[in-house]
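Notes follow the structure.
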Amino acid sequence: MDKGASVRDVISFLCRKDVLPNKRFLVIFLILSRVSEKMDPLVETFSTFLQELRGTDQILCICDNDKAFNSWRDLIEARCGIDISGRCIHDLSFAEVNGTILSLWSENRRSSRFLPCGGGSKVLFEKKVERSLNTLDVLCVNQCEGGNEEKNVIEENFYKGGKVTWWNFYFSEQPGSTPFIKRDHFDYIKDTIMPDLCSLRKACVLFNLMHVPGCGGTTLAMHILWSLRNTFRCAVLRNNNADFAEVASQVTKLLMYDHQEQLPSVPVLLMIDDFDDTEKVFDLQQLIEKECEEKKIQSKSAQVVLLNCMRSESSETTGQTADTVFIGNNLSDKEKKLFEEKLVEIEKTYKNTETFYGFMIMKKNFKSEYIESVVRNTLKSFNMNQKNAQLLAVLVLLDVYCRGASLSVSLCEEFLDLQPIPFCGSNKVEHGFGKFSTFITSCSVQGKVVFRAVKMIHSRIAKQCLLELKATHNVKKVEIADLLLTTDTFYESTQGKSKLLQDVHHILVKRYHELEESQFSPLIQDIAHETPGLEEMVLKNASKRYEKDPIVSQLLARYYYLRKKDFGEAKSWAKKAKDLYKDNSYIADTSAQVIKHELKNAIADCKEEPISPEKLKTLLKLAQSALEAFQETQNLAKKESLQRLQIKTDNCTFNTSGCLGEIQVGVLVTDVLAKTPVFSSDGLRHDIMSQVLSGDLKLSDLESRDRWHTKNKPYYVILKHFEDVLYNLKYRMKKNFDFLDSFYVNLGSRFGMKDSREQMSQNELFRCFRHYAKVFCKTDSASLLKNKTLHTMLELHQTRQSLEEEKADTYSGILSCLSNETSTVKLEKIARQYLFICQRHPTPKEKVNFIYVNVVLSRLKLESHLLQPYETMVNLLPQVLCGQIPLSESLPLSFIAVLLLWPEPNRPVYRELGRYISQMKTSYHAEMKEVYNGKSPVIHFLLGKKRGYERLVHIGEIKKCIVDGHQQFASMWGSGKIWKEKKVEELLYRVTGEVHSDCIMADTGFPVTPMYRSQISGHAERSKVSFFIGFSMRGPVAFDIGQK
């Protein structure tokens, strides 16, 4: 009793206003073990504090675990009649308890940094750990607290056009400041998109913030991070050129920091800014997924959210999907009002607000008239002979054509001859720009070392400067580019030299394939339009500046064969590129393209018909060289692809240009031969060319039967010199067509996004195949067809030719009928033709194709009278499987067997199915290993709820459930949101199984590979899960894996 009384006295003394002023202190109860007695001294102490403080506002309870929390809550409720759940933090590790307590002390909040944990707790972010995460700029919950940065300097730099910093957000939250301007999308992203993303069953999810340059996209992204720093472990990627494997490792280290279990309570929100290629974003996402998988981090929900802040050159709202928001350059009325209010506050503090162009451009709603007026007035005294003008022009050119371009301060000082001021330190570099200083801002550039640099304040200012220099001062792009390439001073400063060389290389070389004109970089194309012919001088100067760079030599080769038609010069540059970068398929392809274009040009220049024997020899010699060069490209591409598989972090895809190039040369060869009297364009001669190029008719036999053989002898002499090329031409073309068809049908981009370059290649492939079909798939036998006693062999031959003409002679061609939306009339004709063949002398390949045709027809027209019963196909499969199977048919046969024989409810299980799954995986790796790097196996079908053919749900049926088009589908497929769609759930059958090591064993007894292995990481062996099944050529795949 005495002890209890003395405790009460102490508490009463401490709670006196003259000892500890009310509302200025916090009482923390640290419950590290279970309290079970109502009369426990700790309960008594709590009760006394509750009475003295008149409530719980100044009391905080931290419990070590759930049991301790539940017991403590129940005791307090029984003793004091209040629920203290809202004043308790529980289920914490000791590190989290320690960090939470330390973060409450004001002195620690200044000297230490803290990361969030679950339930509002925090952990101390140790300095050595922070230093080890050197690729990340980590945002802590107490960021900026206790700092003494100059508010006016930081805010002035931001308003002028400098990049936003964490300090800007911190200052806006201080008393007396108006809040940081919330863009219209802010609340939607923070309160709707982020929780939605975190609910997905995937370790790493992606959100894209697309924005017009200079419209505040990066600022909005950082504002999102700032507002979520208490619920996410937030970070910004420091350097886009960092090793992504290392970045992934550091991201998971940040995720797991001071978490004792494999299920982190707080996800990481990583912002990546200004990537110029979406594929790089996907590379990083995939590596983070792999890292989570390898570290067995459970992903019942998203553990890492990538906020990809990326520029869009279009000001139109494009690409808005479930995981993409677009920020344009047009403010809403609400945003305009907020900018007006902010301007009033700024004008109270700063006198030079008219030069706050970054802020004013947005406040003026990006009006062109305002930007034009500012640029015109500032550049009035521009004189290209003055050094500050030259330097500004260079900065402008770099900014317009290269994102994030800058020049180091030391380089600028040297170029402007700025001398240190005695006794006062160094001269500010901005002073050296004179009247143009309002257009530049200083920044910090992160590379191998951090250095200070200057850059243009706004992309719209830079673009307008370039226009004004041309219009008013007659300074053309070629003049600035020449100055940049030929002035040695720019490359003598050690600081920032590698960054400058990289930026200049970028503006010379980087092409954008989605643009109509993509033969050269935008800068080279613009110079060619503005000052035709002078781009050659720029490229030659580039070759001197980058003397040992194979890509620049390759660029020169492309320029000379595409623009100048100077094939000798082009070959010289292509050879130099090859010498500098041996065994590279893209460099080798350039050499092949030079020869192909020389051949194409020579054919176009040849007006004589028929062509002379001498001309024929020249053209065939060029064709032979081109074919050999493209075959070399193919071999190098396969070698590169295999090497990438060993590296594992290189997701570059297979270079298909060698295959397409060989096909294109084959088409040109048939055009050349058609100009000779030996293979004229009349029907019979057309058939003869087809037979010779197929290797079925020898030139010597043709010559002996040619009634004009004496007249045509010079042609035969030349043609016989190229027998190897001619006899193998059809075989090589057909092999490449089949290879590319299989490549495009079975392998897709990793996240379902369309590739504009692949689309162009496929369009060209289609054109070439139409030409091929005219030469090789048309037998001129109209007279024979009238003969009622037509031999079956001839009819079979014609049927097979017809199937080849429709690309229906391969399983990949048949499967493509679904995605190409082939008409049911055409498909029924194909089904009829295969039925005809299979009733006579089918090969194993044709039997397999017959099954594919029926499966595809069932998905397009289930009621077709030509559709064979499902049971017939299922019964045919074992017969085919028991026969002799060519190696080339192993993969398609295994796939269709697994697809059709997959167990159905209330039907006997086909026990050999496991062997076919194993065989399919083996065949897939054997056939596709040279080409599948950087690609994802296409899911052709998913398992549906119905029976027979109807349980085979083609991916196209899933796409129809998404009304907003391909981009929305690709977005939802990549994120996993597709599986939450009600229409999709109604179509698909949810399977159950058990986790076994790195795969799932379905309850039917067959293995299924998770699409994302991280979804089963951390699951106990044999734990029950449910999932959807998709069928790819690599085997059955599990999607949307969840605990049963």
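Rule-based calculations on the coordinates, nothing more; no lab input. On a predicted model such as this, the values are computed, not experimentally measured, just so you know. Please note: Cβ atoms are built from the backbone with ideal geometry, for glycine as well, and neighbour counts cover all protein chains shown.
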- Query: If each residue's Cβ is checked for other Cβ atoms within 10 Å, how do His865, His709, His841, His505 rank with the fewest at the top?
  - Reply: His865, His841, His709, His505
- Item | Antiparallel bridge percentage (DSSP; both residues within the chain; nearest 5) | 60
- Taking 7 Å along the Cα-to-C-beta vector as the label spot, tell me the Glu628-Cys198 distance in nanometres, rounded to one decimal. 6.5
- Between the modelled labels at Thr278 and His721 (7 Å from Cα along Cα→Cβ) the distance in nm is 5.0
- Along the positive direction of the dipole of the chain (beta-carbon charges: Lys, Arg +1; Asp, Glu -1; about the Cα centre), which of Leu75, Val931, Phe850 reaches farthest? Phe850
- If Arg832, Arg644 are placed from fewest to most neighbouring beta carbons inside 10 Å, the sequence is Arg832, Arg644
- Note on the structure: So Phe25 and Leu887, fully extended at 0.36 nm per residue minus their Cα-Cα distance, gain in nm 302.4 nm
- Estimated FRET transfer efficiency (Leu467, Lys698; beta-carbon r; R0 45 Å; 0.05): 0.10
- Task: Answer rounded, prolate or oblate for the chain, using the Cα gyration tensor with square roots of eigenvalues a ≥ b ≥ c: rounded when a/c is under 1.5, else prolate when a/b is larger than b/c, else oblate.
- Result: oblate
- Query: For the pair Lys607 and Trp708, what calculated FRET efficiency results from E = 1/(1 + (r/R0)^6), where r is the Cβ-Cβ distance and R0 = 25 Å, to the nearest 0.05?
  - Reply: 0.60
- Query: Based on the Cβ-Cβ distance of Thr349 and Asn230, what FRET efficiency does E = 1/(1 + (r/R0)^6) give at R0 = 22 Å, to the nearest 0.05?
  - Reply: 0.15
- Item | Farthest positive-ward along the chain dipole, Cα basis, beta-carbon charges - from Tyr989, Thr48, Tyr401 | Tyr989
- Item | Total charge dipole magnitude, the chain, about the Cα centre, Cβ charges on Lys, Arg, Asp, Glu only, Debye to nearest 20 | 1220
- Task: Could you sort out which of Lys387/Lys476; Lys477/Lys575; Lys295/Lys982 sit more than 27 Å apart by Cα distance in this structure?
- Result: Lys477/Lys575; Lys295/Lys982
- Item | Computed [θ] at 222 nm, helices only, for the chain once each DSSP H run of length n ≥ 4 contributes -39500 (n - 2.57) | -16000 deg cm²/dmol
- Cα-based count: Lys pairs in region 2-91 below 28 Å, eight or more positions apart or different chains? 4
- Query: In whole percent, what relative contact order does the chain give with Cα contacts below 8 Å and a gap of six or more residues?
  - Reply: 8
- Set Lys296/Lys448; Lys182/Lys980; Lys182/Lys342 screened for pairs whose C-alpha atoms are more than 20 Å apart: Lys296/Lys448; Lys182/Lys980
- Query: Going 7 Å from the Cα of Ser71 toward and past its Cβ, which residues in region 34-58 have a backbone nitrogen under 20 Å from where you end up?
  - Reply: 34-47
- Message: How much length would be gained if the chain were fully extended between Gln646 and Glu863, taking 0.36 nm per residue of separation minus their Cα-Cα distance, in nm to one decimal?
- Response: 73.2 nm
- Query: Which is farthest toward the positive dipole end of the chain among Ser373, Leu270, His797, measuring Cα position about the Cα centre, with Cβ charges +1 (Lys, Arg) and -1 (Asp, Glu)?
  - Reply: His797
- Task: Using a cut-off of 11 Å between beta-carbons, work out the net charge of the residues near Gln801 (Lys and Arg +1, Asp and Glu -1, Gln801 not included).
- Result: -3
- Message: Please rank Val251, Val509, Val344, fewest neighbouring Cβ atoms within 10 Å first, as an exposure proxy.
- Response: Val344, Val509, Val251
- Task: Using Cα positions and a limit of under 17 Å, work out the lysines in reach of Lys582, with same-chain residues fewer than 8 apart set aside.
- Result: Lys548, Lys571, Lys638, Lys639
- So for the pair Glu149, Glu758, with labels modelled 7 Å out along Cα→Cβ, what separation do we get in nm? 4.3
